[in-house]
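Can you keep this structure in mind? I'll have questions shortly.
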Amino acid sequence: MRLIRKDRGPADPGHHMNLMTGTVVGDEDFGTTWTLRIRLDHPGAPAQGDHDLEVEVPRLVYEILESTATSHWEFSIHRGSIHVLPA
């Protein structure tokens, strides 16, 4: 997953695939990485309690993007990075 920086203008759909927006409703520090729980901006109940996706990001990325300063993000997921697991 790629978080889209807010200071760079809108995402280019030609470069970024599977664009979505959502709100970080929770995060957890695992030392070298952070896990973000994201609630997508779409109608319907969340898929997993209070969120739809769990995304792991490196600590440095989390700090550079000031993830704690804002909770609403636009992001993209490259098609090669999507994995669907059975429930």
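The values are calculated or read from the model by the stated rules, or taken from the named source; none is laboratory data. Predicted, not measured: the structure shown is a model, and the values here were computed from it. Cβ atoms come from the backbone with ideal geometry, glycine included; neighbour counts cover every protein chain shown. Ligands, DNA and RNA are stripped out before the accessible areas are found, and what is left, the full protein with its side chains, is counted by its heavy atoms. Shrake-Rupley method; radii C 1.70, N 1.55, O 1.52, S 1.80 Å.
Is it true that Pro13 is loosely packed, with under 11 Cβ neighbours inside 10 Å, at pLDDT 75 or above and part of a loop (DSSP other than H, G, I, E, B)? Write out each step before concluding.
On the way: loosely packed, with under 11 Cβ neighbours inside 10 Å: yes; at pLDDT 75 or above: no; part of a loop (DSSP other than H, G, I, E, B): yes.
Here the answer is no, as Pro13 does not meet what is asked.
So in region 62-87, with the set limited to residues that are acidic (Asp, Glu) and not in a strand (DSSP E or B), which one is modelled with the lowest pLDDT?
So in region 62-87, the residues acidic (Asp, Glu) come out as 63, 66, 74.
Imposing the further condition that a residue be not in a strand (DSSP E or B) reduces the set to 63, 66.
Working: Glu63: 84, Glu66: 67.
Ranking the candidates gives Glu66 first.
Scan region 16-46 for residues that are over 19 Å from Leu60 (Cα atoms), under 15 Å from the mean Cα position of the chain (by Cα) and open to solvent by 50 Å² or more (accessible area, probe 1.4 Å) and jot them down.
If the condition is that a residue be over 19 Å from Leu60 (Cα atoms), under 15 Å from the mean Cα position of the chain (by Cα) and open to solvent by 50 Å² or more (accessible area, probe 1.4 Å), then Met17, Asn18, Leu19, Met20, Thr21, Val25, Arg39, Asp41, His42 are the ones that fit.
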